[in-house]
Amino acid sequence: MKKLAVCTLGALMLFVFSPIQLNAATEATPVATNSAIAIQATESKELVQRLEEIKDSNKSDLSFSQKKELRKEVRTIKSELKQRGDGIYISAGAAIIIIILLIILL
């Protein structure tokens, strides 16, 4: 009888402390449509073109404040492109480890 009481108490404790709240916290994420992806791609291309324009421009005749504004603009464009995650970025250490693993396995 004592074992039955302990097992019943254990089962009740599992029901009481089960993570039911975890199911309630999930919410549906909106799915990006093709038009939204196309808009993001064109915006990304425009930002990359602006970076190329800044890179190709002659900065020797600009004043210090203009150069400072260009640097700020380049930083914001690069951070925005990084946030969009248009590419896969791997660190140098990860690349070396991948190359070593490929050499070992092949």
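Please work out the FRET efficiency for the pair Leu70 and Ala95, using the Cβ-Cβ distance as r and a Förster radius of 35 Å; give the result to the nearest 0.05.
Computed FRET efficiency for Leu70 and Ala95: 0.70.
Kindly put Met1, Met13 in sequence by how many other C-beta atoms sit within 10 Å of each C-beta, fewest to most.
Ascending number of Cβ neighbours within 10 Å: Met1, Met13.
If I model a spin label at Lys82 and Ile104 as a point 7 Å from the Cα along the Cα→Cβ vector, what separation in nanometres do I get?
3.0
Here, each number is a calculation from the coordinates, and none is a lab measurement. All of these numbers come straight from a predicted model, not from anything done at the bench. No Cβ is skipped: glycine too gets one built from the backbone with ideal geometry, and neighbour counts run over all protein chains shown.
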